[in-house]
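Here is the structure we will look at, set down as structure tokens.
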Amino acid sequence: MSFCKHCIQGVRHEGEALGKLETIAGVDCYIATPTVDYPKDKVILFLPDVFGIELINNKLLADDFAKNGFKVVAIDYLNGGALAGDAMNSPSFDFMGWLSKHGAEQTRPPLDKVITALKAEGVTKFGATGYCFGGRYTFDLAFDNAIQCAVVSHPSLLKVPQDLETYFSKSQAPLLINSCEVDQMFPIAAQAQADGIFGDGKFAPGYKREYFPGCTHGFAVRGDMKDPLIKAGKEGSFKAAVEFFIAHL
């Protein structure tokens with residue numbers, strides 16, 4: 001499956017990261033911890049897009065979840081191979097070459113290592129929020145019921161309807177999908193199929209899909225905040241994710 005141009009485009013967002021880099025079970029992670037009391041048995045796993053935990057946009061999002069009372073562990077499941085910032089708008093970048101070196105065989109083991117280590121520390125409930133590339137692995141974790149709540153924003157690499165059907169039949173994790181108007185990776189037709197499979201109360205654990213007009217793939221992380229519709233989409237998708245985790249995790 002080819003990636004759309006919006007997967008490697010975007011604008012940087014300014015801000016100072018408040019979390020810290022730590023190693024968990026040999027895996028580099030960005031940890032965002034609430035400054036107030038929070039449930040120690042719950043963690044949100046943050047699965048970033050292809051720019052990884054190094055991208056300031058991703059750090060700021062993790063920090064914002066922490067400000068809402070959740071400990072967040074953003075995992076370098078790309079094994080130090082996240083895209084450099086200068087690849088964002090490069091027409092010559094060989095994205096498919098990069099993708100061939102970051103398949104499930106390479107990216108899933110770090111996730112499992114971190115989850116196992118956090119369980120040993122007393123964590124019993126995991127939410128996951130996956131963006132673009134991270135949406136694929138949020139689904140995979142949900143297939144195995146390794147997480148108890150799933151949020152995906154403009155997910156990539158999903159096989160539709162197969163992965164939607166697998167999720168429905170295997171997972172017990174409530175699912176929120178943040179979707180948008182222009183998304184080659186999860187287009188309007190796929191969004192309609194998701195609603196047909198999960199919607200109208202058919203998925204007992206819980207399902208919701210948000211739709212943000214005027215937004216393109218990547219809006220929830222790397223959207224241009226000067227565009228009022230994209231700004232509304234980014235803020236709206238974050239609010240929806242927080243509310244979903246509060247309700248279901």
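For the reader, a short list of remarks on this structure follows.
- Choice from Ser100, Ser179, Ser90 showing the highest fluctuation, given a GNM over the chain with Cα pairs closer than 10 Å: Ser100
- Amide proton proximity set for Cys215, modelled H, under 5 Å, gap of 5+: Glu181, Val182
- For the chain, the calculated P(r) over all alpha carbon pairs, in 5 Å bins from 0 to the bin holding the longest distance, is 1, 7, 15, 20, 21, 18, 12, 5, 1, 0 percent.
- Using only the C-alpha atoms, the convex hull of the range 134-184 corresponds to 68 Å³ per residue.
- Span-like helix ranges in the chain, DSSP H, alpha carbon extent 27 angstrom or more, Kyte mean at least 0.0: 228-248
- Annotation: per residue accessible area for the chain equals 42 Å², rounded to a whole number [probe 1.4 Å, protein chains only].
- Amide N of the range 189-217 lying under 16 Å from the label point, which is placed 7 angstrom from the Cα of Asn145 along Cα→Cβ: 204-206
- 18 Å tail of the calculated P(r), the range 31-99, as % of Cα pairs: 44
- Estimated FRET transfer efficiency when R0 is 25 angstrom, pair Glu121-Ala84 (beta carbons, to 0.05): 0.15
- For the range 180-249, convex hull volume per residue from C-alpha positions, Å³: 88
- Between Met96 and Ala192, the FRET efficiency estimated from the beta carbon spacing at R0 = 45 angstrom works out to 0.95.
- The range 130-230: C-alpha gyration tensor shape, a/c 1.5 cut-off, then a/b vs b/c: prolate
- Summarising the amide proton neighbourhood of Arg209: residues at separation of 5 or more, or on other chains, whose placed amide H is nearer than 5 Å comprise Ile177.
- Label-to-label distance, nm, for residues given as Glu235 and Lys67 (7 Å Cα→Cβ offset): 1.2
- Gyration tensor verdict on the range 74-185 (Cα atoms; rounded if a/c is under 1.5, prolate if a/b is larger than b/c, oblate otherwise): oblate
The values are calculated or read from the model by the stated rules, or taken from the named source; none is laboratory data. Since the structure is predicted, the reported quantities are computational estimates derived from the model, not experimental observations. In this analysis, Cβ positions are derived from the backbone assuming ideal geometry, glycine residues included, and neighbour counts consider all displayed protein chains. In case anyone asks, the SASA skips ligands and DNA or RNA and just uses the protein heavy atoms, side chains included. Shrake-Rupley method; radii C 1.70, N 1.55, O 1.52, S 1.80 Å.
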